[in-house]
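For reference, the structure is listed below as structure tokens.
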Amino acid sequence: MPRLSRRRLLQLAPAALWAQTAQPGIDRRAVISRHNPSAGTFDPRAALSVGNGEFAFTADPTGLQTFPALYEKLMPLCTMAQWGWHTAPGKPAGDLRLEPFDTFGREVGYPTSSTGQKPLFDWLRENPHRLHLGRIGFAIEHVEEVTPLGQTLDLWSGVLRSEFQWKDQRVVVETCCHPELDLLAVIVRGRVPVRFEFPYGSSGMSGADWEHPERHRTTEGSRAAYRLQLGRTFDGDSSSGYSVSIGWETPASIAREADHRFLLTPSGDALEVVCAFGRTPAGNLPAARLAQDACRKHWAAFWTTGGAVDLGSARELERRVVLSQYLTAIQCAGSLPPQETGLTCNSWYGKFHLEMHYWHAAHFAVWGRAPLLERSLQWYGRILPSAREKARGQGYQGARWPKMTAPDGRDSPSPIGPLLIWQQPHTITMAELCHRAHPNSETLERYRELVFASAEFMASYAHWDAAGNRYVLGPPVIPAQENHLPRGTWNPTFELEYWADALETAQRWRERLGLPREPKWDDVRSKLAALPTRDGVYLAHENCPSTFTGYNRDHPSLLYALGVLPGRKVDREIMARTLEKVRREWQWPDTWGWDYPAVAMTAASLGQPQAAAEILLMETPKNTWLPNGHNWQRANLPLYLPGNGGLLLAMAHIAHTCGFPKAWNARWEQLAPLY
């Protein structure tokens, strides 16, 4: 599959964005600036981040990571990059045994059981894990010594400005991330030393282990008057490391305080410093002010191009929309599919869940920023050989994409994950969104192999039920609503619709490329089982024992055949009754952040703007939105970026279907329809 380099994608994105000039009507800077997030105290639920999609840094109200202990259990202050991973030594011997599942008379194995092999099962789940690359904070020992005077993230420029009082001096800090380099730039007015500290890797939420300094090394490389190069290695393995380059323009001195800690002490009342991270040593480092200038230009270009909304009187929803654009740009627009907590901290050991990739990043295409989706979509080409091998090993054609994985594409063992299938059509849908943004032969050629390999698997996965004269999905299968047992589940509503929709899209790709339609794909698509119903509403799947009782929790994915998808197999009257029943009877505290925009999309497709708005603003734990714009879920999942990306998808879909409630006096521009 033809690939674009990171540099080429970074070059392409601004050009593609500027090509879609804003229409008059919305004062974009006014809309964005009125939602600049701020933090006046050391609030662990209000930490602010700067980043560029490949690299991110999360700070406390000092503008750096000065008091990490206050945040450790709620929202750790981390420095993370897409390439930053660690693998713990000591993998247990042997290979994980696959659990056999009867699949229409043949046995197919899945990595779903830990019986007799729990150490290996756990090791494979936890490795590799994302790594906290290093803590950068002021050398201030006690939080009581600091009085925060205010902190604001200026979204239009991408610069985090922090002020605080310390030792009778007012300290002003400007923190930003270079738009094209994994580099943090800091400008300080005030005389405060800065400390650089480096941890061992951990699969925990912080991605850091500070208790085992003997397991890693920090070595000094080249040292100059205004620069220090450091090398980092783990477990005695030189291939596991990375480089840190620290440079400063103002007079200062740097010294090693401990094995993994360095102190930069300014000579005057100002400090301008940059810190770059990478697999290899950085070349020339830009000055902090030049990095800040590049950051300002990048964010001005981002906000003045692509889609925009002014939601009038719906200011809280508008705040969520604005901050979601920023957060997904810095957390979900990199060269890998994002983990559900992006580059803020670790969830599920830092691995990404491919069924969530669509919810993280598909919105970029409909908001006029398709190159930001393409950065991670191209990764599938790298793991295509292993995805093909997975399909072959299970007796299928094409490529079967993993569920929970790391850059290597290996499916992590889990009682649930390996049996999910709804991530399979995502590559087709996301490629189609990219083609609609750039309808040319280059796009078709770039993703044709992904589209066709996905469709080949989907067609071969569907089983011909001769008695019913139809194709069925499963068993075994676990649907998007994960609380169903795989051996007793078949024909889930959402997955049936998604199979039909994606196979038709794949056929259109063949036609655009001058190829004939694939007969098997049409046969499967046209003869798929009907969407299952009972008592006048849709079921989660055909063998669901009850319409709702005992099964009205987790994702209400029986609604997503309409809204998330066009719903060509859907009876709208039945879906309207199903939506009403779900709103009335679902156990909403057991849902997840992306469910609210997904359900709102169903309401929008049914022409119910008020219902869509009420669902988006529903007061329930998993629909909590923090001051920094993050979608809180629970104590060990303090942010959930599929909620942010899903909200942006929903806004575009509502705009093109039912429209926003008239009382809001809302306006929008340059949002594309979802299909």
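Looking across the range 373-398 at every residue that is touching a Leu at 6+ places or on another chain (Cβ under 8 Å) and small (Gly, Ala, Ser), the one that is surrounded by the most Cβ atoms within 10 Å (Cβ to Cβ) is identified as Ser376. In this structure, does Asp102 turn out to be among the acidic types (Asp, Glu), closer than 20 Å to Asn636 by Cβ, surrounded by fewer than 16 Cβ atoms within 10 Å (Cβ to Cβ) and outside the structural domain of Ser376 (by TED's automatic domain parsing)? It is false that Asp102 is among the acidic types (Asp, Glu), closer than 20 Å to Asn636 by Cβ, surrounded by fewer than 16 Cβ atoms within 10 Å (Cβ to Cβ) and outside the structural domain of Ser376 (by TED's automatic domain parsing).
Residues checked against (1) more than 29 Å from the chain's Cα centre (by Cα); (2) assigned to a loop (DSSP other than H, G, I, E, B); (3) surrounded by fewer than 19 Cβ atoms within 10 Å (Cβ to Cβ); (4) outside the structural domain of Trp422 (by TED's automatic domain parsing):
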position: Asn483; (1), (2), (3), (4): no, yes, yes, no
position: Trp499; (1), (2), (3), (4): no, no, no, no
position: Arg508; (1), (2), (3), (4): no, no, yes, no
position: Thr547; (1), (2), (3), (4): yes, yes, no, no
position: Arg553; (1), (2), (3), (4): no, yes, yes, no
position: Ala561; (1), (2), (3), (4): no, yes, no, no
position: Pro566; (1), (2), (3), (4): no, yes, yes, no
position: Arg577; (1), (2), (3), (4): yes, no, yes, no
position: Arg583; (1), (2), (3), (4): no, no, yes, no
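Contact map, the range 91-103: first residue free of Cβ contacts under 8 Å to residues at least 60 places away in the same chain, second residue exposed (fewer than 12 other Cβ atoms within 10 Å of the Cβ) and of a type in the set (Gly, Ala, Ser), Cβ cut-off under 8 Å, separation 6 or more or different chains; pairs are Arg97/Gly116. Among all residues of the range 237-256, there is at least one that is within 23 Å of Arg191 (Cα to Cα), β-branched (Val, Ile, Thr) and in a strand (DSSP E or B). Of the helices (runs of 4 or more DSSP H) lying entirely inside the range 350-399, the ones with 3 or more residues being at pLDDT 95 or above and touching a helix residue (DSSP H, G or I) at 6+ places or on another chain (Cβ under 6 Å) are found at 354-361, 363-366, 370-377. Looking at Phe352, Phe364, just one residue is more than 27 Å from Thr115 (Cα to Cα) and without any contact (Cβ under 8 Å) to a residue 60 or more places away in the chain, and that residue is Phe364.
Being part of a strand (DSSP E or B), within 33 Å of the chain's Cα centre (by Cα) and small (Gly, Ala, Ser) is a property that Gly231 has. Can you pull out the residues in the range 441-494 that are closer than 19 Å to Ser546 by Cβ and among the charged types (D, E, K, R)? Glu482, Arg487 - these are the residues of the range 441-494 that are closer than 19 Å to Ser546 by Cβ and among the charged types (D, E, K, R).
If you go through the range 6-56 and keep only what is assigned to a loop (DSSP other than H, G, I, E, B), at pLDDT 50 or above and within 26 Å of Trp379 (Cβ to Cβ), you end up with Asn52, Gly53, Glu54.
Check Phe121 against each of (1) surrounded by fewer than 20 Cβ atoms within 10 Å (Cβ to Cβ); (2) outside the structural domain of Gly268 (by TED's automatic domain parsing) and name the one condition it does not meet. The number of the failed condition is (1). Restricting the range 510-529 to residues that are free of Cβ contacts under 8 Å to residues at least 40 places away in the same chain and not in a helix (DSSP H, G or I), which is nearest to Thr429 (Cα to Cα)? Among them, the one singled out is Arg517.
Look at (1) without any contact (Cβ under 8 Å) to a residue 60 or more places away in the chain; (2) assigned by TED's automatic domain parsing to the domain that holds Ser222; (3) of a type outside the set (A, V, I, L, M, F, W, C) and you find that Pro337 fails only one, number (2). Total residues in the range 503-557 satisfying the condition of being closer than 23 Å to Ile416 by Cα, in contact with a helix residue (DSSP H, G or I) (Cβ under 8 Å, 6 or more places away or on another chain) and among the acidic types (Asp, Glu): the figure is 1.
So for the range 296-305 (the condition being at pLDDT 95 or above, in contact with a helix residue (DSSP H, G or I) (Cβ under 6 Å, 6 or more places away or on another chain) and small (Gly, Ala, Ser)), does at least one residue qualify? Yes, the conditions are met somewhere in the range 296-305.
Looking only at the range 592-624, residues that are outside any helix (DSSP H, G or I), under 23 Å from the mean Cα position of the chain (by Cα) and surrounded by fewer than 23 Cβ atoms within 10 Å (Cβ to Cβ) come to 5 in all. Is one or more of the residues making up the range 163-174 surrounded by 23 or more Cβ atoms within 10 Å (Cβ to Cβ), part of a strand (DSSP E or B) and either free of Cβ contacts under 8 Å to residues at least 12 places away in the same chain or of a type in the set (Phe, Trp, Tyr) (or both)? Checked against the condition, which is being surrounded by 23 or more Cβ atoms within 10 Å (Cβ to Cβ), part of a strand (DSSP E or B) and either free of Cβ contacts under 8 Å to residues at least 12 places away in the same chain or of a type in the set (Phe, Trp, Tyr) (or both), the range 163-174 yields at least one hit. Among the residues of the range 540-578, those identified as closer than 26 Å to His357 by Cβ and touching a Gly at 6+ places or on another chain (Cβ under 9 Å) are His541, Ala561, Met575.
All conditions but one from (1) in contact with a helix residue (DSSP H, G or I) (Cβ under 9 Å, 6 or more places away or on another chain); (2) part of a loop (DSSP other than H, G, I, E, B) apply to Val186; the one that does not is (2).
Quick test of your reading of the structure: Ala453 fulfils all but one of (1) touching a helix residue (DSSP H, G or I) at 6+ places or on another chain (Cβ under 6 Å); (2) buried (at least 23 other Cβ atoms within 10 Å of the Cβ). Name the failing condition by number. (1) is the only condition that Ala453 fails.
Condition check ((1) modelled with pLDDT of 95 or more; (2) surrounded by 18 or more Cβ atoms within 10 Å (Cβ to Cβ)) across all residues:
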| position | (1), (2) |
| --- | --- |
| His212 | yes, no |
| Thr219 | yes, no |
| Asp237 | no, no |
| Val244 | yes, yes |
| Thr250 | yes, no |
| Asp269 | yes, no |
| Phe277 | yes, yes |
| Gly283 | no, no |
| Pro286 | yes, yes |
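Mind listing whichever residues of the range 400-420 are of a type in the set (A, V, I, L, M, F, W, C), surrounded by fewer than 24 Cβ atoms within 10 Å (Cβ to Cβ) and part of a loop (DSSP other than H, G, I, E, B)? Listed by number, the residues that qualify are Ala406, Ile416.
Being part of a helix (DSSP H, G or I) and more than 15 Å from Gly204 (Cβ to Cβ) holds for only one residue in Glu107, Glu144, and it is Glu144. Suppose the filter is in contact (Cβ under 8 Å) with a residue 12 or more places away in the chain, among the charged types (D, E, K, R) and closer than 22 Å to Arg369 by Cβ; does Glu432 pass it? Here the answer is yes, as Glu432 does meet what is asked.
The values are calculated or read from the model by the stated rules, or taken from the named source; none is laboratory data. None of these values were measured; they are calculated from a predicted model. We place every Cβ from the backbone using ideal geometry, glycine too, and count neighbours over all the protein chains shown.
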